[in-house]
1. Can you tell me what share of the DSSP beta bridges in the chain is antiparallel? A percent to the nearest 5 is fine.
2. Considering the convex hull of the alpha carbon atoms of segment 1-114, report its projected area averaged over all viewing directions, in nm², one decimal.
3. Could you name the lysines whose alpha carbon sits less than 19 Å from that of K99, not counting residues in the same chain fewer than 8 places away?
4. Classify segment 157-248 as rounded, prolate or oblate, taking a ≥ b ≥ c as the square roots of the eigenvalues of its Cα gyration tensor: rounded when a/c is under 1.5, otherwise prolate if a/b is larger than b/c and oblate if not.
5. Which whole number in µm²/s is D for the chain by Stokes-Einstein, with the Kirkwood Rh taken over Cα pairs at 20 °C and 1.002 mPa s?
6. Of D41, D83, D163, which has the largest mean-square fluctuation in a 10 Å C-alpha GNM of the chain?
7. How big is segment 138-206 by Rg and Dmax over its Cα atoms, in Å?
8. Residue by residue, what Karplus-based ³J(HN,Hα) values in Hz, rounded to whole numbers, does segment 156-172 have, using 6.51, -1.76 and 1.60 with θ = phi - 60° and x for Gly and Pro?
Amino acid sequence: MMAPARSYLFVPATRPERIGRAIGSGADAVIVDFEDAVAPDAKVSAREALAASWPRCQAQAAVAGVALLVRVNAADSEYHAGDLDWCRAQQAFGLVLPKADAGALDALARALPQANCYPLMETAAGFADLRAVSRAAGVVRLMLGSIDLMFDLDVADEDEPLDYFRAKLVMHARAAGLPAPVDGVCTAIGDAAEIRRQTARARRFGFGAKLLIHPQQVALVHAGLAPSAAEVAWARRIVAAADARGAAVAVDGKMVDRPVLERASRILQQAG
């Protein structure tokens, strides 16, 4: 089984020439965006123009081992039904659904039952439905739409005001047996320190991936989500001690029980 993706890189649907470059950027997944990145008067033409090159993009992504997804327009948008028709015709069944809530997911499952859905949680209404959302048919991973959520909640920054929502997303993902959720975008494209800070925050909260808007962010996010050298060394000591003694042991002056051993094993798996 492949490890869950760590990076999801957005590409505008209006720039099909960038899709191939995004697939080759090192990102684990590429999201072709029909929503925010496409002006209203270009949405229909973007779908039509992309159809010719889509099979080639799918083939390239398959060879590279990169997940290729489409962010459709929200369920209440006049473009949503056309997006789903395009996805059905192009066999594009990895969908990011913006402004997701239980009703929108239920409608999506009826309209496109083959879809593997990534709900983008970016409204208070969606979070109020989070238990149902995380267990809805077709849902494979939860995503945080931090920018739109800030607007919906009328809060000024994405740090402490969104901490409750980050913790809730991680909790419901775990309870539903889903992979660790995907953190929102960092809009500071050229600020390496800021992307490192946000990635470290995401990892502390229990997120397993991040949404990206520029290829420069890929390597920084992968490094930030990986266990540190100190964590790997600690995990190796824990596993070695448990293997040698086969019972409860103390390492670095602390008792090692099953949860500690399982955490050490998980760190070693994440480190490869």
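Only the coordinates and a few stated rules stand behind these numbers; no lab work does. Quick caveat: nothing in here was measured; it's all calculated off a predicted structure. Ideal geometry is used to build each Cβ from the backbone, glycine not excepted, and the neighbour counts take in all protein chains shown.
1. Just about 10 percent of them are antiparallel.
2. 7.1
3. By straight Cα distance, K99 reaches K43, K168, K210.
4. oblate
5. My calculation gives 109 µm²/s for D.
6. Result for the chain, Cα springs under 10 Å: D41 fluctuates most.
7. Gyration radius and largest Cα-Cα distance of segment 138-206: 12.4, 36 Å.
8. 8, 8, 9, 8, 3, x, 9, 4, 4, 6, 4, 4, 5, 5, 5, 4, 6
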